[in-house]
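J.: Let me begin by handing over the structure; questions about it come next.
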Amino acid sequence: MFGLIKHISRADEAFRNAGLRAAAALAFLTAFVAPGVCQDAAPKGRFMADSVRTGEIAAYVFSFRYPAEKEAVFPDSNYNYYPFEFIRKEFFPTRTNAGVSFDSAVYYLASYEALDVLPLSLPVIVLENGDSVAYFSEPDTLIFKATVTAMPDSIQLKESTAYLPVRTTFNYIHAALATLIVLAVAGVAALLFGKQIRRAYRLYKLKKDYVRYIGTMSRLLENINGDASIRTGHALIEWKKYLERLDNKPLTKLTTKEISRIYCDKAVEESLRGIDRALYGNVVDERLKEWLERLVDYSKERYRNKTEEVKHV
């Protein structure tokens, strides 16, 4: 008997309902100590409360006496408990006395149906000689207790304009999915349009460098006369640096003779030699500006050839 009380206490501890524990324990103690050596005609079942609210857990005590040579099966979680929903079941060990077995269980149920009366009757399946017979308990009912009894005609809302800060969290899953989508789109674009994109980008860089170069040379050539000056040296270096970037050749480290061999252009060779005489021999020559302009014209031609080459790669 003391073991039974301990078992009932564990079963109801999860719900923390002192009244329900006491009522369930009293019912089982009464059932076990009541005399009886004959089989009941039907199982017995009753609720431990008279009423219940929506979603509130109700305890249903279920018991059955039968001959010890037979086997009884109680409903499990797969049974249809309408208008209730099964929460859990607490089953107690079979007790046998003078050839009569006694099984008992507590069913914890909840209802979400807005019915005035919530009835319940459970069966017991008795197995004997390969056959089975179902015995139903007398229906027991719970009264549905409404949470809201009446709705008012109007509701006065409490106004509050105070700012309530809400902590935001970073959605790592969405960020990861967005990153994967961007990478996938970029990968597809690279496969389909990678060549066109690289070509367009290279042409853009060529044009940007060319515009900067032409602007610099125009400023340097404005005030150049027959006298060799610092401007002349700067203009020559700027020309070599531009063609060095355009053709990927180390022109700033090469001599006039070596540059002439690379481009094989008579006007370029003549212009470079004339500029060298003016710079290093301190020779005054009115054709100095003309030679520099020839070099600029040649660089423009090299730019046009290079852009056509890139377009048809």
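FYI, it's all coordinate maths here, none of it is from the lab. Quick caveat: nothing in here was measured; it's all calculated off a predicted structure. Glycine gets a Cβ as well: all are built from the backbone with ideal geometry, and neighbour counts include every protein chain shown.
J.: For A189 and H234, FRET efficiency with R0 = 51 Å and r from the beta-carbon atoms, rounded to 0.05?
T.: Result of the calculation: an efficiency of 0.75.
J.: Let me spell out the model: positive unit charges on the Cβ of Lys and Arg, negative unit charges on the Cβ of Asp and Glu, origin at the Cα centre of the stretch 124-267. What dipole size does that give, in debye rounded to 20?
T.: Value, rounded to 20: 2280 debye.
J.: Taking the stretch 42-111, which GluC sites (Glu not before Pro) meet the DSSP loop condition and have no more than 10 other C-beta atoms within 10 Å?
T.: Hits after loop and neighbour filter: E69.
J.: Ok, one more. Net charge around T141, counting only other residues with Cβ within less than 14 Å of its Cβ (Lys, Arg = +1; Asp, Glu = -1)?
T.: -3
J.: Next question, about the same structure. How large is ³J(HN,Hα), in whole Hz, for each residue of the stretch 294-300 in order, when computed from phi with the Karplus curve 6.51 cos²θ - 1.76 cosθ + 1.60 and θ = phi - 60°, using x for Gly and Pro?
T.: 4, 5, 5, 4, 5, 5, 5
J.: Under Stokes-Einstein, with the Kirkwood radius over Cα pairs standing in for Rh, what whole-number D in µm²/s applies to the stretch 89-173 at 37 °C and 0.692 mPa s?
T.: So the translational diffusion coefficient is about 165 µm²/s.
J.: Okay, moving on. Suppose R0 equals 25 Å; then what is the FRET efficiency for H312 and R277 from their Cβ-Cβ distance, rounded to the nearest 0.05?
T.: Once the sixth-power term is evaluated, E becomes 0.05.
J.: Once you've got the Cα coordinates, tell me which of K208/K240; K205/K266; K249/K306; K208/K266; K208/K253; K249/K300 are over 23 Å apart.
T.: K205/K266; K208/K266; K208/K253
J.: Let me ask you something else. Kindly provide the GluC sites (Glu not before Pro) of the stretch 93-168 that DSSP labels as loop, not H, G, I, E or B, and whose Cβ sees at most 14 other Cβ atoms within 10 Å.
T.: Here the GluC sites (Glu not before Pro) that fit, given the DSSP loop and packing criteria, are E113, E159.
J.: Now for a different question. Using θ = phi - 60° and the Karplus form 6.51 cos²θ - 1.76 cosθ + 1.60, what ³J(HN,Hα) does each residue of the stretch 135-146 get, whole Hz, x for Gly and Pro?
T.: With coefficients 6.51, -1.76 and 1.60, one gets 10, 9, 7, 5, x, 10, 10, 10, 8, 6, 9, 5 Hz.
J.: In nanometres, what is the gap between the two model label sites at E286 and T96, each 7 Å from Cα along Cα-to-Cβ?
T.: 13.7 nm
J.: Now, a different point. By per-residue mean of other Cβ atoms within 10 Å, what is the highest-first order of 171-179, 271-279?
T.: Top to bottom by mean Cβ count within 10 Å: 271-279, 171-179.
J.: Mind listing the phi-derived Karplus ³J(HN,Hα) values for the stretch 253-263, rounded to whole Hz, using 6.51, -1.76 and 1.60 with θ = phi - 60°, and x for any glycine or proline?
T.: Whole-Hz 3J(HN,Hα) from phi for the stretch 253-263: 9, 9, 7, 4, 5, 5, 5, 5, 5, 5, 9.
J.: Efficiency by 1/(1 + (r/R0)^6): what FRET value for I214 and R304, r their Cβ-Cβ distance, R0 = 22 Å, to the nearest 0.05?
T.: Computed FRET efficiency for I214 and R304 comes out at 0.95.
J.: Can you give the charge dipole size of the stretch 238-286 about its Cα centre, rounded to the nearest 20 debye, using +1 on the beta carbon of Lys and Arg and -1 on the beta carbon of Asp and Glu?
T.: The dipole magnitude comes to about 260 debye.
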